[in-house]
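The values are calculated or read from the model by the stated rules, or taken from the named source; none is laboratory data. Remember, predicted model here, so these are calculated numbers, not experimental data. In this analysis, Cβ positions are derived from the backbone assuming ideal geometry, glycine residues included, and neighbour counts consider all displayed protein chains. Quick note on the areas: whole protein, heavy atoms, side chains included, nothing else; ligands and nucleic acids left out. Shrake-Rupley method; radii C 1.70, N 1.55, O 1.52, S 1.80 Å.
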Amino acid sequence: MTDEALLPRADLVGSVSGAKQSKKDVFAYTVTPNGNAIIDDSPLSIDCDVVDNYETDGFDNFIVSIAATYADEKILGENGKTDYDKFKPVLFEFPTYEYLLTG
């Protein structure tokens, strides 16, 4: 998940084809024990396994199961869970292709 600070780079990797431009150096990343890359600077990362893929016109819809969650302590509340007032994620809205700031 991304916040406002990561948005320009997140937008780039989400909108540019890896076949046309290498994106491997946009973010520093760590490969999880599950074999997936997570962004080091992301305040909240969810490591998932793809269970199924439903292809539709123009989009692939992935069904996933969560393998692990990684969170920076600065976005956690006293209960140890994500405090979205601290995290303030940026959401991407379909079909308008707009970003929505939260918090």
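If you scan the range 24-59, which residues turn out to be over 28 Å from TYR84 (Cα atoms) and not hydrophobic (A, V, I, L, M, F, W, C)? Write out each step before concluding.
Kept after step one, since they are over 28 Å from TYR84 (Cα atoms), are these residues of the range 24-59: 24-25, 52-59.
Scanning the range 24-59 gives LYS24, ASP25, ASP52, ASN53, TYR54, GLU55, THR56, ASP57, GLY58.
Can you tell me which residues in the range 1-36 are aliphatic (A, V, I, L, M) and either touching a helix residue (DSSP H, G or I) at 6+ places or on another chain (Cβ under 9 Å) or not in a loop (DSSP other than H, G, I, E, B) (or both)?
Start the filter on the range 1-36 by keeping residues that are aliphatic (A, V, I, L, M), which leaves 1, 5-7, 10, 12-13, 16, 19, 26, 28, 31.
Once the filter is applied, which keeps residues that are aliphatic (A, V, I, L, M) and either touching a helix residue (DSSP H, G or I) at 6+ places or on another chain (Cβ under 9 Å) or not in a loop (DSSP other than H, G, I, E, B) (or both), the range 1-36 yields MET1, LEU7, ALA10, LEU12, VAL13, VAL26, VAL31.
Just wondering, is there one or more residues in the range 69-87 that are closer than 14 Å to THR2 by Cα and touching a residue at least 40 places away in the same chain (Cβ under 8 Å)?
yes
Scan the range 1-36 for residues that are open to solvent by 70 Å² or more (accessible area, probe 1.4 Å), modelled with pLDDT under 90, among the hydrophobic types (A, V, I, L, M, F, W, C) and over 11 Å from the mean Cα position of the chain (by Cα) and report the count.
Number of matching residues: 1.
Quick one: count up the residues across the range 58-103 that are surrounded by fewer than 13 Cβ atoms within 10 Å (Cβ to Cβ), more than 25 Å from LEU12 (Cβ to Cβ) and of a type outside the set (Lys, Arg).
At the first step, the residues of the range 58-103 found to be surrounded by fewer than 13 Cβ atoms within 10 Å (Cβ to Cβ) are 58-63, 65-66, 69, 73-74, 77-81, 85, 91, 93-98, 100-103.
From what is left, the residues that are more than 25 Å from LEU12 (Cβ to Cβ) are 63, 65-66, 73, 77-81, 85.
Keeping just the survivors that are of a type outside the set (Lys, Arg) gives 63, 65-66, 73, 77-80, 85.
Of the residues in the range 58-103, 9 are surrounded by fewer than 13 Cβ atoms within 10 Å (Cβ to Cβ), more than 25 Å from LEU12 (Cβ to Cβ) and of a type outside the set (Lys, Arg).
Can we say ASP41 is without any contact (Cβ under 8 Å) to a residue 40 or more places away in the chain, under 14 Å from the mean Cα position of the chain (by Cα), surrounded by 10 or more Cβ atoms within 10 Å (Cβ to Cβ) and outside any strand (DSSP E or B)?
Numbers: without any contact (Cβ under 8 Å) to a residue 40 or more places away in the chain: yes; under 14 Å from the mean Cα position of the chain (by Cα): yes; surrounded by 10 or more Cβ atoms within 10 Å (Cβ to Cβ): yes; outside any strand (DSSP E or B): yes.
The answer is yes for ASP41.
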